[in-house]
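A short worksheet on the structure shown next.
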Amino acid sequence: MIVLGIETSCDETAAAVVAGGVPGPGRILSNVVASQTAEHAPFGGVVPEIAARAHASLVDGVTRQALSDAGVGLDRLSGIAVTAGPGLIGGVVVGLLFAKGLALASGLPLLPVNHLAAHALTVRLTDGVAFPYLLLLISGGHCQLIIVSGPSEYERLGTTIDDAAGEAFDKTAKLLGLGYPGGPRVETAARSGDPFRFSLPRPLLDSPGLDFSFSGLKTAVRRAAELAAPLSDPGVRDLAAAFQLAVTDILVNRTRRAMAAVRGRLGPTPAFVVAGGVAANQALRTALVEAASLEGFSFLAPPPSLCTDNGAMVAWAGLELFAAGQGLGADEQLKVSPRARWPLDMRFAGVPGAKA
Ligand code: KG4
Ligand code: ZN
């Protein structure tokens, strides 16, 4: 199978061509990512209207580039995968309508992909890991622990009750004057900071259940910054380091609880996977490797460039759907609507649900 994947749900316009078969690993024939960082940077975060306009002007060229880098024409494709949600609706509309047009014109099946599923399945593209596995999905909009049992089978064990992990990084970066994109800037600042100079809370740590909370941590960072004002450059680095350590402690604590709770359901060699943009964070990966080893789980994570948004993960998720016979023909393609919200455990035909 060879699938084209198109991703426009946030601030990267991306397209890729991926080849292979399930369970993977697959082969990435091309992977083009046009980042909109420069457009959003003056505003300190993603501006949805600017993102939608940028996607509209970039999606055609990025897709052509992906096909040409792969040396593959539309006639060689098995299907066209596209992120149909969740995400910023303007961007999702751009990508979905573009993909629908391409699918209808070429007669190819359309593969509407849930963006979270694309993150969740990326380790099958890179490592061919077998179902089921325990997943920590940490991105700009989500923070969830999930059992992944199939390309459309997800059981959510816990989720954030307020901010997402990436959102906490982005807000902290803004507060510390580190700018956008927040996650990588906090990570860089934290590298040379003292994580123990400031003492920050770990909300919900050791509480029952598997949910997360980050908003109290964000408030504590603001208060610490105010108390220490004006913050020197070393002060910013120390506070960034303290924040990153607090987030790491929270994620490790919840993940170890989940591992203990589900170990028996994941077979003799249970696998743990971390994915989503925040999984690019090296300090966090190191801590999760240790947690997995202590709990008797193998550790898998896509390389950092495939943790943040990209077209290859969408192409691969589409390939999984295609292999499962879930490609949509012309009649059904026209009925697919873009979704701002789309919980992972809901099939595409379902009614819109609450924030996933
Ligand atoms: O998966 P992703 O690219 O887009 C969404 O689906 O949201 O994740 C983006 C999030 C942003 O909040 C960004 O700040 C965070 O991932 N991120 C990081 C790092 N790289 C990206 N957070 C911490 N450390 C990083 N190195
Ligand atoms: Zn993402």
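The values are calculated or read from the model by the stated rules, or taken from the named source; none is laboratory data. A quick note: this is a predicted structure, and the numbers were derived from the prediction, not measured. Please note: Cβ atoms are built from the backbone with ideal geometry, for glycine as well, and neighbour counts cover all protein chains shown.
Of the candidates G128, G140, G101, the single residue that is of a type in the set (G, A, S) and within 16 Å of ligand 2 (Cβ to nearest atom) is G140. Being in contact with a strand residue (DSSP E or B) (Cβ under 6 Å, 6 or more places away or on another chain), within 20 Å of G87 (Cβ to Cβ) and of a type outside the set (A, V, I, L, M, F, W, C) holds for only one residue in S35, S30, and it is S35. Only one entry in L125, L178, L137, L110 is within 16 Å of ligand 1 (Cβ to nearest atom), in contact with a Lys or Arg (Cβ under 7 Å, 6 or more places away or on another chain) and at negative phi, namely L178. In the set (1) within 30 Å of A130 (Cα to Cα); (2) more than 16 Å from ligand 2 (Cβ to nearest atom), the condition left unmet by R237 is number (1).
Based on what the data block shows, is G177 within 30 Å of V129 (Cβ to Cβ), of a type outside the set (F, W, Y) and out of contact with any Pro (no Cβ under 7 Å at 6 or more places or on another chain)? No, not satisfied. Close contacts from the range 219-239, counting a first residue that is modelled with pLDDT of 95 or more and a second that is of a type in the set (F, W, Y) and assigned to a helix (DSSP H, G or I), with Cβ to Cβ under 8 Å and a gap of 6+ residues or different chains, come to V221/F243.
With a requirement of 3 or more residues that are closer than 20 Å to A81 by Cβ, the strands (runs of 3 or more DSSP E) lying completely within the range 98-170 that satisfy it span 110-114.
Within the range 43-86, being farther than 21 Å from V113 by Cβ, in contact (Cβ under 8 Å) with a residue 60 or more places away in the chain and not in a loop (DSSP other than H, G, I, E, B) holds for one residue alone: F43. Across the range 79-111, the qualifying residues are those that are aliphatic (A, V, I, L, M) and under 18 Å from the mean Cα position of the chain (by Cα), and the one among them that is nearest to P343 (Cα to Cα) is A84. The set of residues in the range 178-200 that are surrounded by fewer than 17 Cβ atoms within 10 Å (Cβ to Cβ) and either outside the structural domain of V247 (by TED's automatic domain parsing) or modelled with pLDDT of 95 or more (or both) comprises T188, R191, S192, D194, F196, R197, S199.
Contact annotation: residue pairs with Cβ atoms under 8 Å, 6 or more positions apart or on different chains, pairing a residue in the range 1-14 that is touching a residue at least 12 places away in the same chain (Cβ under 8 Å) and assigned by TED's automatic domain parsing to the domain that holds G71 with a partner that is of a type in the set (S, T, Y) and within 11 Å of ligand 2 (Cβ to nearest atom), are I6/T83; E7/T83; T8/T83; S9/T83; E12/T308.
Out of L135, L157, L125, L121, which single residue is under 18 Å from A292 (Cα atoms) and crowded, with 24+ Cβ neighbours inside 10 Å? It is L135.
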